[in-house]
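Everything below concerns the one structure shown next.
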Amino acid sequence: GDSVTQMEGPVTLSEEAFLTINCTYTATGYPSLFWYVQYPGEGLQLLLKATKADDKGSNKGFEATYRKETTSFHLEKGSVQVSDSAVYFCAPSPGGTSYGKLTFGQGTILTVHP
Amino acid sequence: NAGVTQTPKFQVLKTGQSMTLQCAQDMNHEYMSWYRQDPGMGLRLIHYSVGAGITDQGEVPNGYNVSRSTTEDFPLRLLSAAPSQTSVYFCASSYWARPELPGDEQFFGPGTRLTVL
């Protein structure tokens, strides 16, 4: 079945540090790829997405590039802020035989200190 | 639009009790799903629906029932609660044009925190 391997946390950084959270996946066909973010006490919300190979999704200073050859969608930010402290989830969204059965990564807890 | 709404926000049950977690969306989405979130486990899919009258099992369906009589509503029923069902439950919905295409962004509700004693 489809699966997601996400960089284990927790990750602790100082403000303005560089962030990378790795994500690789196995999926049927060519899924759309998503990063979701969950702030404390809230539900998940979309951070960014990419729908085809070599697409770069970006939002709030975060970026991720759809790498078909390595089946990866790593999340990066050049300078993190305290307000970025949250849990981040990688999620491919395939169709075809995997239609409906979505798989999320286990989540990476990010804490940013002033 | 209210988006995805869930009730209740918090619930405490005793072992063996039954209850229904409510979920509704006003975006006319075909796809709806239920997840549970446990520490260190991420989100695990319980049940999902690709339209009214159509439901299917996800990764962890045991102990839960669902039905989808309307596009808007997708309730999750616990028939006999167990302590192992203590978790945070999220409902989500999305637009999904055709099965052969990848899925679109999911919209999540605020969650229901359930404790089973």
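The values are calculated or read from the model by the stated rules, or taken from the named source; none is laboratory data. Fair warning: this is a prediction, and the values are worked out from it, not measured in the lab. With ideal geometry, Cβ positions are generated from the backbone for all residues, glycine too; neighbour counts draw on all protein chains shown. Just so you know, the surface numbers come from the protein's heavy atoms only, side chains and all, with ligands and any DNA or RNA stripped out. Shrake-Rupley method; radii C 1.70, N 1.55, O 1.52, S 1.80 Å.
Of note:
- Directionally averaged shadow of the stretch B:32-102, computed from the convex hull of its alpha-carbon atoms, nm²: 5.2 nm²
- Partner chain coverage, peptide A:91-98 - average Cβ within 10 angstrom: 4
- Lys, Arg +1 and Asp, Glu -1 on Cβ, resulting dipole of the stretch A:1-64 about Cα centre, debye, nearest 20: 200 debye
- Cα shape, chain A, gyration tensor, a/c 1.5 rule: prolate
- Percent carbon-and-sulfur accessible area, chain A, ignoring ligands, DNA and RNA, probe 1.4 Å: 50 percent
- Here the Kirkwood formula puts the hydrodynamic radius of the protein assembly as shown at 18.1 Å, using every distinct Cα pair.
- Distance distribution P(r), the stretch A:9-68, all Cα-Cα pairs, bin width 10 angstrom from 0: 18, 48, 30, 4 percent.
- Between A:Ser14, B:Thr5, B:Ser84, the Cα set farthest toward the positive side of the dipole of the protein assembly as shown (charges on each charged residue's Cβ, about the Cα centre) is that of B:Ser84.
- Between B:Phe107, B:Phe74, B:Phe90, the Gaussian network model of chain B with springs among Cα atoms under 10 angstrom shows the greatest mean-square fluctuation at B:Phe107.
- In a simple Cβ point-charge model (Lys, Arg +1; Asp, Glu -1; nothing else charged), the stretch B:6-62 has a dipole of about 300 debye relative to its Cα centre.
- Rg/Rh ratio calculated on Cα atoms of the stretch B:12-61 (Kirkwood radius): 1.02
- Reach of A:Lys68 by Cα under 25 Å, taken over lysines that are not fewer than 8 positions away in the same chain: A:Lys49, A:Lys52, A:Lys56, A:Lys60, A:Lys77, A:Lys101
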